[in-house]
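Taken together, the values in this text are just the output of simple stated rules run on the coordinates, not laboratory data. Everything numeric here is computed off the predicted structure, so don't read it as measured data. Quick reminder, even Gly has a Cβ in these numbers, built from the backbone with ideal geometry, and neighbours come from all protein chains shown.
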Amino acid sequence: MKIKLLSYISAFIVASYIVYLDYLFVQSTVGKIVQIFFPEIPRYSVHEFVTYLFLTTGAFVILFYLAYFIFYLYIKENEGSKLIPRFFPKVSIVIPAHNEAINIGRLLESIQYQDYPFECYEIIVVDDGSVDGTGEIAMRYGAKVIRHEKNVGKAKALEEGIKAAKGDVIITMDADSHFADGSSLRNIVEELFSRPFIGVSTGVLRIEKRTGKLIEKLQELEFLYCFDVGRRVQSYLDWLLVVPGAFSAFKSYFIKSLPTIPKDTLGEDFDLGMIAYRAGLTSSFEPHARIYTEPMESWRGLYKQRVRWYYGGLQVLAKHRDMILNRKYGERGIFLFFHMIFLEYFLPVLHVFGIVMFPSILILQNLLGFQIFDINVPMKVLVTVFLLVLLLQYLPSIFVSTLTIVMEWGSKHVLRYIPVIFLYHFLYNVILSFAKVDAIQKFLRRVPQSW
């Protein structure tokens, strides 16, 4: 525990120092540019505006991002290759599917290409009221098919598939996903038995390259930071609580012991991770187990999906609120507060305030003559400083993002992704922050959400 605490402190000290240097650079650069183009503007007002803006829009996000990356570098350096397992437990792969005729064949083919003994796994497809022949296609691939005449929803379909499963390991997958290579099934199962008390293991989710549109590439980066970096670090620190339903492996005795799959939240994957921990189990991440999943193709659909994700997260936090900062639950109780509440929800609120409310207050001060902040700058200076701070403050994050792509995807992808990296930090992160704020206000107002 002492060594782990020391590693936390060391990572945040290094990250804090880089953030401080970034702040000095932004403050100095913006100050000099303003003095050149607007010499009549008091330096104090510009200095204060840059400070407030940097603290609300970038400082804490960059701090956590860099701290995660420091852990990621250490973990990546010490990762070894996977060995062939000594035994192959019986595996049941459960796939709920509704009108997935286009995708189901590709997924089932990717399962058949796995280097896992054919006699050691079964495939269960729950055809949830499909009208496009999904079940018939699944049967042609030798899958066991459970039919629903009407659509009853993913959670209920998943529950029936799990009840029918006979394996010692139960893997849940989405029908619109597929394995990225031939060893991922073996690797995620091996990870499940790599240490005592692991009840759930998950792997890397990557966005399938299809159209090459900007929205697709931004989701690629989001999943890269979330799974290749975020889940890897959380698993190493033994903090991993969110296991994606699109690709997770459960020990059968745990998942079958539950009276039902959680249906009272939209975040059943997060909920299952919390339930596993209450049962004395932990969750683990396997970087050598990878699947591809389809991207959202419209901005409207993407935004609505993210709102549902974040809304579901709030439902789970409310459901398990007794774990937050509870000594009984040790580090995970602390993690629930600092990561899930502070980083995932409070900082986006601060970010939106810095992007929208803070500049709006300064504009109203100029127009109406009242005083809240001791900052008095004309509109043209306000806009100039605002854009300069947003442009300059994320340079450390852009460097780290570029290095992550090199380490995960190879250097040949870097040049064509650099513009996307800029837009990710300047545009996409803002959209995600607005989605989180939207989810918070809907949750507080008890506005119902559904898939």
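List of remarks:
- Y113 versus T211: modelled label distance in nm, points set 7 Å from Cα along the beta carbon direction: 2.5 nm
- Gyration tensor verdict on the range 91-331 (Cα atoms; rounded if a/c is under 1.5, prolate if a/b is larger than b/c, oblate otherwise): rounded
- Fewest neighbouring Cβ atoms within 10 Å first, the residues Y17, Y303 line up as Y17, Y303.
- Cα-projected label distance for F87 with R140, points at 7 Å along beta-carbon direction, nm: 3.9 nm
- Between the beta carbons of L55 and T260, assuming R0 = 41 Å, the FRET efficiency works out to 0.35 to the nearest 0.05.
- Calculated from backbone phi, Karplus (6.51, -1.76, 1.60) coupling profile of the range 219-228 in Hz, x at Gly/Pro: 5, 4, 5, 4, 5, 4, 5, 6, 9, 5
- Cα gyration tensor category, rounded, prolate or oblate, for the range 362-451 with a/c compared to 1.5: oblate
- The ranking of V14, V152 by Cβ neighbour count inside 10 Å, starting from the fewest, reads V14, V152.
- Long-range amide H partners of V243 with built H, under 5 Å: F270, G273
- Estimated [θ] at 222 nm from DSSP helical runs (n ≥ 4, -39500 (n - 2.57)) normalised by residues in the chain, nearest 500: -16500 deg cm²/dmol
- Assigned charges on the beta-carbon of Lys, Arg, Asp, Glu; the chain dipole about Cα centre (debye): 620 debye
- Separation in nanometres of the label points that stand 7 Å from Cα toward Cβ, at I33 and R278: 5.1 nm
- Between helix 395-409 and the chain: long-axis angle, C-alpha atoms, 0 to 90°, nearest 10: 20 degrees
- GluC sites (Glu not before Pro) lying in DSSP loop within the range 138-197, provided at most 14 other Cβ fall within 10 Å: E149
- Judged by the gyration tensor of its Cα atoms, with axes a ≥ b ≥ c, the chain is prolate; a/c meets the 1.5 cut and a/b is the larger of a/b and b/c.
- In straight-distance terms, cross-link reach from K213 covers every one of the lysines whose alpha-carbon lies under 23 Å from its own, apart from those fewer than eight places away in the same chain; here that gives K304, K412.
- Likely footprinting exposure, S7, S248, fewest C-beta neighbours within 10 Å first: S7, S248
- Local net charge near S130, Cβ-Cβ under 11 Å (Lys/Arg +1, Asp/Glu -1): -4
- For the chain, the longest principal axis of the Cα atoms and the long axis of helix 299-319 meet at an angle of about 80 degrees.
- Anchor K32: lysines whose Cα lies under 17 Å away (excluding residues fewer than 8 positions away in-chain): K380
- Here the contact order of the range 91-331, divided by its residue count and restricted to Cα pairs under 8 Å and six or more residues apart, works out to 23 percent.
- Partners of K251 within straight-line reach, counting lysines whose Cα lies under 29 Å from its Cα and excluding those fewer than 8 residues away in the same chain: K4, K76, K82, K90, K144, K154, K156, K163, K166, K263, K319, K328.
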